[in-house]
Amino acid sequence: MHDSPLTALRDNSTGWVHDDRGGWRQWRIQEPPIIRFSAWPAWIVYGAAILWTAGLLSLVSTSDRWDLGDLAMPLLSVYFGALALRLLVGVSRAVLMRRRRRDFERARTHIEGVAVRKFTHTYSVPDADGSHQQTDHHVVVYSGSGDVARDFIVGERVYDTVEEGRTRVRALPGWQTRTPDQFAVLPQLLHP
């Protein structure tokens, strides 16, 4: 049996919000639709590097001790074939991403709702001088439909104007990111 909303554990991925029509509702964060492609297996990368090295050695070798003369053309063919295959995979991924982005843009709508949670996340970012700390300011918006809320990363100035459970916002989700293309704080809700 679940705890009551007033005693339930609180975290940054789920929570409760009160709705005049249905009472307390639990929400959870919906992950943004990020498309990831798997990398080439390491053995293909290392194999291509070894083949390329062997091909170069055979071309620059003037000594018979390498004895790679007969392998030079097959090695270079395999190498350039692997490059051509990699190019085809890259082009097909680019076409797929373009099509999915077009579908995303066509179906994208503004999300309007109550800011039910706000929190910060600090992490290290490597740079030329070592690393520095960066802080993302998250605002979770619940639109009132279903049990799904959206997590947006906003600027510190906007973050400071948001009050949990009291601020209404309107956001336009961005492509494959938590940073919205538009984010506006609407007039405050009435105090209970």
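The values are calculated or read from the model by the stated rules, or taken from the named source; none is laboratory data. Remember, it's a predicted structure, so these values are computed and weren't measured experimentally. Counting neighbours? That spans all protein chains shown, and the Cβs are built from the backbone with ideal geometry, glycine included. Surface accessibility is based on the protein's heavy atoms, side chains included, excluding ligands, DNA and RNA. Shrake-Rupley method; radii C 1.70, N 1.55, O 1.52, S 1.80 Å.
Of all residues in segment 132-161, those that are exposed (fewer than 12 other Cβ atoms within 10 Å of the Cβ) have Cβ atoms under 9 Å from Cβ atoms of residues that are among the small types (Gly, Ala, Ser) and modelled with pLDDT under 90, 6 or more apart or on another chain, in His132/Ser124; Gln133/Ser124; Gln134/Ser124; Ser145/Gly113. Tyr123 - would you say it is modelled with pLDDT under 90 and more than 19 Å from the chain's Cα centre (by Cα)? So Tyr123 fails the test.
Checking every residue in segment 94-108 against the condition of being open to solvent by 40 Å² or more (accessible area, probe 1.4 Å), more than 21 Å from Thr14 (Cα to Cα), in contact with a strand residue (DSSP E or B) (Cβ under 9 Å, 6 or more places away or on another chain) and in a loop (DSSP other than H, G, I, E, B) gives at least one match. For segment 121-175, which positions are closer than 30 Å to Arg102 by Cα and in a loop (DSSP other than H, G, I, E, B)? Passing the criteria: Ser143, Gly144, Ser145, Gly146, Asp147, Gly155, Pro173, Gly174, Trp175.
Listed by first and then second residue, the pairs linking a residue in segment 178-192 that is more than 17 Å from Glu164 (Cβ to Cβ) and exposed (fewer than 13 other Cβ atoms within 10 Å of the Cβ) to a residue that is hydroxyl-bearing (Ser, Thr, Tyr) and modelled with pLDDT of 90 or more, with Cβ atoms under 9 Å apart and 6 or more places separating them unless they lie on different chains, form an empty list.
Residues in segment 109-131 that are open to solvent by less than 70 Å² (accessible area, probe 1.4 Å) and of a type in the set (A, V, I, L, M): Ile111, Val114, Ala115, Val116, Val125.
Scanning segment 110-131 for residues that are free of Cβ contacts under 8 Å to residues at least 24 places away in the same chain and more than 14 Å from Arg178 (Cβ to Cβ) returns Thr122, Ser124, Val125, Pro126, Asp127, Ala128, Asp129, Gly130, Ser131.
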